[in-house]
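Visitor: Please read through the structure below; I'll follow up with questions.
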Amino acid sequence: MNCNTITIDEIIPTIEKIKNTIVTLKSELDEKALLVEEKEKAIVEREISINQANIAQQQLENEYASLETEFKKMSELFSEISDKEEVSVDIKQLLGIYIALLEKVFAGKPHAKILWLLHGDKKVMSREELNKATGFSAAIVLHSLHELNRADLISYDEENEEAQLTTRIY
């Protein structure tokens with residue numbers, strides 16, 4: 001045999017090494033592909049989370065703008081009531097006044113709870129339903145219904161003993 005000639009037996013180990021290297025590289029490539037796929041999924045999930053957060057932020061900004069408008073109306077109303085022009089009223093001060101009115105003048109909870117219930121799914125509620133839902137006595141609920149009716153916030157039908165919201169506040 002010639003010295004420059006390579007036999008098949010000598011080539012087989014080299015081919016095996018190359019084959020093993022290819023298998024190892026393919027395995028590493030598959031692992032890297034899985035990592036890339038996981039990273040892409042994580043990026044998509046983050047983008048979805050960011051979009052949802054942006055939507056929630058926009059909704060909060062819209063709510064804030066709406067609240068600012070309502071507080072401005074309340075401030076103007078307070079200015080009219082106090083007979084002073086352009087009274088600058090802090091939101092905390094204004095809320096304090098309205099909370100005091102609710103607690104002291106309207107005995108707080110019955111009026112607010114009735115209005116809140118009538119802003120819900122049922123447009124019309126019977127006095128009995130309101131008694132059960134508010135947890136207040138029948139006399140307190142009836143008194144509150146009459147006061148809310150006089151303020152034109154609800155209409156109360158004495159005959160059917162049903163209350164209906166007439167002025168949607170929110």
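Any read-out appearing in this document is the output of simple, stated calculations on the displayed coordinates, not a laboratory observation. No experiment lies behind these values; they were computed from the predicted model shown. When we count neighbours, we look across all protein chains shown, and the Cβ atoms used for this are built from the backbone with ideal geometry, even at glycine.
Visitor: Please arrange I114, I55 by counting, for each residue, the other beta carbons lying within 10 Å of its beta carbon, fewest first.
Guide: I55, I114
Visitor: Give, in nm to one decimal, the length gained when the segment between V23 and R150 is fully stretched (0.36 nm per residue of separation minus the Cα-Cα distance).
Guide: 37.1 nm
Visitor: Let me ask something else about it. Kindly state, to the nearest 0.05, the FRET efficiency for E159 paired with K123, given R0 = 22 Å and r defined as their beta-carbon distance.
Guide: 0.75
Visitor: Another one. I need the Debye-formula profile for region 109-170: one equal scatterer per C-alpha, no solvent, reported as log10 I(q)/I(0) at q = 0.12 1/Å, two decimals.
Guide: Summing over Cα pairs of region 109-170 leads to -0.21.
Visitor: If you add up the charges near A53, with Lys and Arg at +1 and Asp and Glu at -1, over every other residue whose beta carbon is less than 11 angstrom from its beta carbon, what do you get?
Guide: Net charge around A53: 0.
Visitor: Modelled label-to-label distance, D9 and W116, 7 Å Cα→beta-carbon offset: nm?
Guide: Taking the two extended label points, one gets 9.4 nm.
Visitor: For N62 and S137, FRET efficiency with R0 = 25 Å and r from the beta-carbon atoms, rounded to 0.05?
Guide: Once the sixth-power term is evaluated, E becomes 0.05.
Visitor: For a Förster distance of 35 Å, can you work out the FRET efficiency between the beta-carbons of L77 and I48, rounded to the nearest 0.05?
Guide: That gives a FRET efficiency of 0.20.
Visitor: Which lysines have a Cα lying under 17 Å from the Cα of K32, excluding residues fewer than 8 positions away in the same chain?
Guide: Output for K32: K41.
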